[in-house]
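Bear in mind that the values in this text are calculations on the coordinates, not laboratory data. Predicted, not measured: the structure shown is a model, and the values here were computed from it. Cβ: placed from backbone, ideal geometry, glycine included. Neighbour counts: every protein chain shown.
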Amino acid sequence: MPSFTVIDALDILLVAFFLFRLMMLIRGTRATAIIKGLAVLFVANLASGLLGLRTVNWILEQGTTVILVALPVVFYPELRRALEHLGRGQLFSRFSGMGQEEIARIVDPIARSARLLAESHTGALIVIERDVGLEEYVESGVRMDALLTTELLLNIFTPNTPLHDGAVIVRGDRVAAAGCFLPLTDNPYISSKMGTRHRAGLGVSEQSDALAVIVSEETGSISLAKAGRIERNLDEDTLRMRLARELQGTLGLGRRGGLG
């Protein structure tokens with residue numbers, strides 16, 4: 001019997017690490033429920049084999065084969081996000097850490113605007129581009145390339161103005177575009193009470209590494225969507241802290257260049 005070596009221990013640790021990272025990546029998404037279903041199917045298949053239920057075992061084995069073939073299609077959004085997450089590692093990142101002043105130039109106007117918009121129950125959707133470019137969504141709106149300020153955001157989301165219903169896309173410390181259309185989430189497990197802005201914020205966070213700040217017109221609450229998950233009922237200071245923490249370390253701008 002071969003002896004247990006350091007290489008074997010390293011092998012086990014690496015597998016455990018990758019499984020842990022995978023579970024953290026899919027936590028809170030529809031993939032979690034699908035994996036639970038696959039686990040139940042696997043246990044049932046094993047039990048039917050041990051009990052000698054040949055017909056049941058055969059049906060489960062055939063079903064498992066079909067499911068395994070279909071997995072890449074079912075898990076396409078999660079696989080895409082996993083590969084993008086891998087590509088955004090420090091080895092591949094085009095942008096190194098940002099200074100506190102640079103982060104403040106992005107975070108402060110957004111947090112302040114979100115609070116003011118929430119107080120007046122004015123709906124808003126602000127998307128912060130990171131490493132994954134959002135050019136396809138920028139093209140769906142009106143290009144601006146304007147300095148990011150509280151006043152500009154408040155003007156954009158003023159009710160009954162041409163751009164107030166769409167999303168604002170922030171690229172670095174500039175507003176790249178406004179009035180943009182975003183993909184809606186296809187997650188069937190989110191609350192039916194979530195409106196179009198929340199579904200769009202979740203959708204763009206599922207399709208990219210972007211951060212989406214959502215202000216509810218109905219409740220005046222502030223939410224933050226990231227990686228297909230949403231944190232609700234934030235105040236200005238908490239939102240500022242969350243955004244700064246996410247942007248600390250690296251912020252790709254999805255295009256050539258850095259902060260202006």
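Taking 0.36 nm per residue of separation and subtracting the Cα-Cα distance, what length does fully extending residue 69 through residue 235 add?
Working: separation 166, 0.36 × 166 = 59.76 nm, distance 4.53 nm.
Taking 0.36 nm per residue and subtracting the Cα distance, the gain is 55.2 nm.
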Task: Per DSSP, loop GluC sites (Glu not before Pro) in the stretch 103-197 with at most 16 further Cβ within 10 Å - done: 139
Task: Estimated FRET transfer efficiency when R0 is 45 angstrom, pair residue 218-residue 12 (beta carbons, to 0.05) - done: 0.35
Task: Over the stretch 177-216, relative contact order from alpha-carbon pairs under 8 Å, at least 6 apart, % - done: 39
Task: Coil-residue chymotrypsin sites (Phe, Trp or Tyr not before Pro) of the stretch 97-189, DSSP, other Cβ within 10 Å capped at 15 - done: 181, 189
Task: Overall form of the stretch 100-247 per C-alpha gyration tensor (a/c, 1.5; a/b vs b/c) - done: rounded
